[in-house]
Amino acid sequence: MFSMFLCGSKINKMTNYSIENIASIIKGTFVLKSNGNDKIAHLLFDTRKIIFAETSLFFALKSNKNNGHKYLLDAYEAGIRNFLVSETIDVAPFKNANIILVENTQLALQYLSTHHRNLFNITIIGITGSNGKTIVKEWLFQLFANQLNVCKNPKSYNSQVGVPLSVWQLNNQHQLGIFEAGISEPNEMQTLAQIINPTIGLFNYLGNAHSEGFTNDEEKLSEKLQLFTHVKQLVFCVDQPLVNDAIQSFANHHHTNLFSWSKAGNDAHFQFEVNEQIHVTEINYKQHKIIIPFTDEASIWNACSCLALVLMVHELQLFPLNLDTVLAEFKNLQAVEMRLQLKEANNNCIVINDSYSNDIDSLKIALNFLLHQGNGLNKTLILSDIFQSGLIDLALCEQVNELIKVNQISKFISIGNMFEKHKDLFQVNTQFYNNTQDFIDAFSSLTFENEIILLKGARQFEFEKINALLEKRVHETVFEINLNALTNNFNVYRKLVEPKTKIMAMVKAFSYGTGSYEIAKTLAFNQVDYFAVAYADEGVVLRKAGIKTPIMVMNPEKSSFDLIVKYNLEPAIYNLSILNDLIKAINGQEIGIHIELDSGMKRLGFDEPQLQDLLNTLAQNNHIQIKSILSHLAASEAHEHDAFTQNQIAKFDAFSQKITNAFPYKILRHILNSSGIVRFKNAQFDMVRLGIGLYGIDPALEVQKQLQAIGSLKTVISQIRNISVDESIGYGRRGTVNKPSRIAIVAIGYADGLDRKLSNGNGYMLVNGKKAPIIGSICMDMTMIDVTEINCQEGDEVIVFGGELGIEVLAEKLGTIPYEILTSISQRVKRVYYAE
């Protein structure tokens, strides 16, 4: 399987491609041709996300993380019969298939998408900048969708592969295209500019995002402006001097018509006056008064960008637009959720709320996410009518029905009128409601139990009301886990190991406090080779959740051998006593085991003098197969102990060879942990063990820069009190102030895992980006922080660690290691998992 995918909308008759057409367009050569008339509607490069195999073309993409050619047979076995490759392959296994050879599969994908774009003579808006691209794109879609049929990027698909995906969706029903483009290094934008070929440009904001690939802001800005080389009109803000100067120079060179805006009183085509109110912001332009339901600076900026583009379109009459209708829509703009979140719901349910937009392509993405979550739970889809799809209702319902089948949906709840008209199509358990209120009125009579529920609704259906009914009301402290960061970290280390070297992921201790199943599911999806748990019951949880990857149990107990056998777990054997106990318990049944050696750590493991007795015992029990041999490094991160570490590695090599030489089958060997992977590349053997590095922590600075913290512990302000100098705070009256102060009580305490050593100013939290020292003693369920100098209110979010406040800061203050902090987070703290 490969780590990304691309699947497009069904192509209409005007752009119906055959595989022979595509070969001609991309100048490819057939190395196997069975039927040149095969119709292609979908482009993909992830065998885990195949939906419409018969009409899909598989691109074997290559990157520094993976090679799609490894998954050609997987794609073939899943029903794919059309392939694009850039390596010479044996075509014999691919009967009745078409295989096209090109020099570079990614370039071929981009060239095909460029060809497709050039078939359409419609207005295309191209958006770039450092921040806010996706939000501006989604808001423009919200503003225009009721008047025009709009094609846009799904979510933030703005990369070298995401943009071709997005443009491939264009069909002859679309009246407008809105595409964002993102780059991370020089010489990328020219390709995206050719694919999008925008007629209107919008530069939103120059910030620090994605700066690491550029020498300075000037270079980054210059590269981003390449998107607008051929646009006729360009919208931007003059309030950033660097941007203003660069765009003025750019426009002079390319003869571009500029439409500038300002909210700071600078000379601009559109002058906006901004008035922030309690819950809304008023933007005034001439006689127009525009209301947006946001007050934060970023949202105001993004809304002004959208407003300037709308006003320019109206002024030039670029496409039909009812200005008053669009301006009225600003008050209905919705916050754009950039991630899919899994949250606990009532009755052992999980809810995925993806209701900020509803179109067929984002539905595919959300359903695929649903498919790979919640094994053992029934899958439920709550879906509103889909507007502006470019398809007649029957064709759209047929596509949705197909998606329901391939994504194993067992219950389909439709809200609106569209799907009920074609209810005979749907063969699953179906319920139909005319509107959201009808569903809410019926909710008390409905049963949701042991289900994973996807909410996907157009914004006018107000699915947030449904989410509020379903979501479990629990403790307001949450531990947010970013599954994208986990995948990033896994890939960072995967690049450091040899292609033949396997990776074992450590998911013991509730995956270092982050949640075993959800972490394991994500890693299994990314093709990790092995899991390791501390005790058998942790492995049982994974097996019951549908994890099929091999699992090593590091601390097997005699009482758990029956579970180990029943759930196909593999115990690590560290002495003859536990081996003999296992032999008695399994009574001749076949089992895989791991042999742990002591190479110097002096913890668990066989010593060299015991190896012969071990070999003799195993020779008499050939129903036991050694899966791997392992040992633990004591100080792989410490340079001062490198000689000791090298000695450990040498001992392990010698001891383990005595074992492998005694058996005719392949036995894996592994000794490196996260730090060892970085520092002792010559000792990778057959497998490495990845632990704390997965969770974003590595002592090696060059690696730490590439890692992302996967967890943020957050709580909320429950109450704010004004305290005078003669009053005290908390138990033992240990909290005092030397001036009148504002104290916030937050909903986290030592029962949640917050160490009491952080009391009385030793620790702090972040409130609205500012440090709030802990005052007084940390209580069981709450903590007091000093917010005297912070503008905040009850209900505001508080960061305990995560983001700007790294877990390493807390570890240093407590004189401990990040492992201990992560594993100390109480089970009563709700884990919220999300993916971009």
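Below is a table of values for the structure above.
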{"item": "In the stretch 313-324, residue nearest to V150 (Cα to Cα) [restricted to those that are in contact with a helix residue (DSSP H, G or I) (Cβ under 6 Å, 6 or more places away or on another chain) and among the aliphatic types (A, V, I, L, M)]", "result": "L321"}
{"item": "Filtered residues of the stretch 440-457 (kept if part of a loop (DSSP other than H, G, I, E, B) and touching a Phe, Trp or Tyr at 6+ places or on another chain (Cβ under 6 Å))", "result": "G457"}
{"item": "Candidates L327, L333, L309 - the one that is at pLDDT below 95 and in contact with a helix residue (DSSP H, G or I) (Cβ under 8 Å, 6 or more places away or on another chain)", "result": "L333"}
{"item": "In the stretch 402-439, the residues that are without any contact (Cβ under 8 Å) to a residue 60 or more places away in the chain, open to solvent by 20 Å² or more (accessible area, probe 1.4 Å) and in a helix (DSSP H, G or I)", "result": "K405, E420, K421, H422, K423, D424, L425, Q437, D438"}
{"item": "Candidate set from the stretch 623-652 (those that are in contact with a strand residue (DSSP E or B) (Cβ under 9 Å, 6 or more places away or on another chain) and either basic (K, R) or open to solvent by 50 Å² or more (accessible area, probe 1.4 Å) (or both)); member that is nearest to I595 (Cα to Cα)", "result": "K627"}
{"item": "Residue in the stretch 458-467 that is modelled with the lowest pLDDT, counting only those that are in a helix (DSSP H, G or I) and either touching a Cys at 6+ places or on another chain (Cβ under 7 Å) or open to solvent by 50 Å² or more (accessible area, probe 1.4 Å) (or both)", "result": "Q460"}
{"item": "Test: residue in the stretch 293-309 that is closer than 23 Å to Q240 by Cβ, under 35 Å from the mean Cα position of the chain (by Cα), crowded, with 21+ Cβ neighbours inside 10 Å and of a type in the set (V, I, T)", "result": "no"}
{"item": "Sole exception among (1) modelled with pLDDT under 90; (2) in contact with a helix residue (DSSP H, G or I) (Cβ under 8 Å, 6 or more places away or on another chain); (3) over 21 Å from T134 (Cβ atoms); (4) open to solvent by less than 10 Å² (accessible area, probe 1.4 Å) for L391, by number", "result": "(4)"}
{"item": "Residues located in the stretch 544-585, provided they are β-branched (V, I, T), in a helix (DSSP H, G or I) and either open to solvent by 60 Å² or more (accessible area, probe 1.4 Å) or more than 17 Å from Q620 (Cβ to Cβ) (or both)", "result": "I564, V565"}
{"item": "Test: F250 is in a strand (DSSP E or B), crowded, with 16+ Cβ neighbours inside 10 Å and either free of Cβ contacts under 8 Å to residues at least 40 places away in the same chain or aromatic (F, W, Y) (or both)", "result": "no"}
{"item": "Qualifying residue in the stretch 128-135 (condition: within 23 Å of L221 (Cα to Cα), open to solvent by 10 Å² or more (accessible area, probe 1.4 Å) and among the charged types (D, E, K, R))", "result": "yes"}
{"item": "Residue check, E836 among the acidic types (D, E), modelled with pLDDT of 85 or more and open to solvent by 70 Å² or more (accessible area, probe 1.4 Å)", "result": "no"}
{"item": "Check on G588, over 37 Å from the mean Cα position of the chain (by Cα) and either within 20 Å of I667 (Cα to Cα) or of a type outside the set (F, W, Y) (or both)", "result": "yes"}
{"item": "Odd one out for N622, checked against (1) of a type outside the set (V, I, T); (2) closer than 21 Å to M504 by Cβ; (3) not in a helix (DSSP H, G or I)", "result": "(2)"}
{"item": "Number of the exception - F663 against (1) more than 20 Å from I785 (Cβ to Cβ); (2) in contact with a strand residue (DSSP E or B) (Cβ under 7 Å, 6 or more places away or on another chain); (3) buried (at least 16 other Cβ atoms within 10 Å of the Cβ)", "result": "(3)"}
{"item": "Residue match in the stretch 197-206 (condition: more than 22 Å from H115 (Cα to Cα), open to solvent by 10 Å² or more (accessible area, probe 1.4 Å) and out of contact with any Ser or Thr (no Cβ under 8 Å at 6 or more places or on another chain))", "result": "no"}
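The values are calculated or read from the model by the stated rules, or taken from the named source; none is laboratory data. If you're wondering where the values come from, they're calculated on a predicted model, not measured in any experiment. Positions of Cβ are backbone-derived with ideal geometry, glycine not excepted, and every protein chain shown enters the neighbour counts. For accessibility, only protein heavy atoms count, side chains too; no ligands or nucleic acids. Shrake-Rupley method; radii C 1.70, N 1.55, O 1.52, S 1.80 Å.
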